[in-house]
């Protein structure tokens with residue numbers, strides 16, 4: 001049975017310093033699932049002390065020791081992946097097949113990718129007369145979101161373990177169970193006590209305490225841009241490293257030579273995946289003005305095929321969004337789009353047909369959207385797509401870049417070379433051409449208000465390393 005009323009600190013399950021709880025809800029029914037304990041600054045202090053003690057020895061482990069640890073975690077995780085997928089489905093409303101195949105299995109992908117990087121990574125190199133050494137940064141505070149909960153945990157924990165860091169994780173209170181199971185996996189895999197610690201809690205309490213803590217050397221945060229600004233502000237007085245993966249309003253450019261059926265279907269499948277609750281979702285579809293009529297017809301037909309229903313029901317394409325606050329925000333923004341004069345071609349306000357409880361949103365598409373409209377500017381974080389017309393590819397690029405965000409960009413063309421050219425002109429950290437998806441060995445992160453730093457693969461490992469230059473006489477051999 002998953003331990004929801006204690007925290008994992010210094011290799012053991014411990015009671016909170018103060019007794020405080022909250023309910024986790026099932027978004028498919030709006031009913032209570034179970035209670036979880038909430039932490040405080042005192043719990044954070046205990047976890048940081050444990051992590052600081054453990055850093056002295058864990059930072060000195062060998063590459064081979066850390067490789068063995070990652071391999072153990074991967075094998076044990078595989079036995080519990082289905083359990084994790086089921087928990088994620090129950091807590092965020094993702095269709096259970098998608099939750100097991102994409103959500104739960106993503107963690108295996110991140111650990112496997114990190115293990116491969118660790119096998120080859122050079123922690124020392126000769127530059128001129130000096131040796132440059134890359135060492136673990138220290139104690140890391142990790143604050144993770146609910147939308148891809150285990151994926152975001154794994155893509156932080158795996159490289160931190162590989163680098164030799166110790167850590168404190170605060171998962172989202174809306175999707176806590178996968179993190180609690182994950183703590184059990186790490187314990188079984190032999191992670192030394194104090195290396196990994198978990199404190200459940202609220203952002204303004206536990207997250208703030210971690211951001212401000214003088215003995216935490218780095219904060220890795222994934223969440224909204226608003227919350228990211230708060231984390232960075234609180235971290236500034238201690239001059240700790242802050243790595244952030246934040247919001248997005250990603251453009252999906254379809255050029256005039258593209259296969260429209262394939263391109264539009266691909267965009268809609270991506271924006272509606274996970275009920276639109278992905279930071280890199282392509283929420284702005286930019287198409288040639290001359291093709292708008294055809295695009296609208298295709299988009300309406302594709303949206304009409306989506307089956308919204310209970311995450312455990314066979315044939316469900318889309319479940320609910322995570323909670324009432326998110327549902328009400330999405331409803332308000334759909335109303336805003338109507339008020340601004342955009343053309344509603346699919347979906348709209350209220351619950352989808354066949355649902356009378358839970359936080360379900362109708363798969364919604366607006367056409368004739370102008371890029372200055374709120375629905376084209378603000379991250380909705382739901383299954384809402386804005387179709388914007390452009391005179392030519394130059395205007396399409398201008399519209400795409402006219403956003404405070406820069407996490408992802410998508411380009412679809414009849415010519416891969418043309419798509420690649422346009423992709424190079426987009427101000428975003430992740431570009432997807434012709435329906436491709438990124439490899440976990442490649443870096444993931446954003447420009448502008450979508451964040452800083454990079455996760456995944458070699459770049460993810462390097463985020464957890466400090467660089468030291470050592471000048472002096474050295475032998476020809478370097479420790480790698």
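Each reported figure results from applying straightforward, stated rules to the coordinates on display, with no laboratory input. Keep in mind it's a predicted model, so treat the numbers as computed, not measured. Here the Cβ positions follow ideal geometry from the backbone for every residue, glycine too, while neighbour counts run over all protein chains shown.
A few notes on this one:
- Region 203-253: relative contact order in percent, alpha carbon pairs under 8 Å with at least 6 residues between: 40 percent
- Fewest-first ranking of 59, 89, 469, using other Cβ atoms within 10 Å as the exposure measure: 469, 59, 89
- Computed P(r) (all Cα pairs; region 251-433; 10 Å bins; percent): 10, 41, 35, 13, 1
- Prolate/oblate/rounded label for region 277-325 (Cα gyration tensor, a/c 1.5): oblate
- Angle in degrees between helix 149-163 and the longest Cα principal axis of the chain, rounded to the nearest 10: 30 degrees
- Peptide ranges 329-338, 161-170 listed from the most packed, as the mean C-beta count within 10 angstrom indicates: 161-170, 329-338
- Share antiparallel - DSSP beta bridges, region 251-433, percent rounded to 5: 15 percent
- The relative contact order of region 245-387 comes to 28 percent, based on Cα pairs under 8 Å that sit 6 or more residues apart.
- Sequence-separation-based contact order of the chain, relative, with Cα cut under 8 Å and 6+ spacing, percent: 19 percent
- Annotation for region 328-346 versus region 388-466: alpha-carbon center distance of 27 Å.
- Among beta bridges from DSSP that stay inside region 133-218, the antiparallel ones total about 0%.
- Each residue in 40, 450 was given a count of other beta-carbon atoms within 10 angstrom of its own, and listing them fewest first yields 40, 450.
- The C-alpha atoms of the chain define a longest principal axis, and helix 41-58 lies at about 60 degrees to it.
- Residues 359, 474, sorted so that the one with the fewest Cβ neighbours within 10 Å comes first: 474, 359
- For the chain, the antiparallel share of DSSP beta bridges with both residues in that region comes to about 45%.
- Spatial separation of Cα centroids for region 130-209 and region 1-17, in angstrom: 15 Å
- Gyration tensor verdict on region 1-135 (Cα atoms; rounded if a/c is under 1.5, prolate if a/b is larger than b/c, oblate otherwise): oblate
- The Cα-based radius of gyration and maximum Cα-Cα distance (Dmax) for region 127-241 are 14.8, 52 Å.
- Cα gyration tensor category, rounded, prolate or oblate, for region 335-480 with a/c compared to 1.5: prolate
- Region 175-296 - Rg (one decimal) and Dmax (whole number), Cα, Å: 20.8, 62
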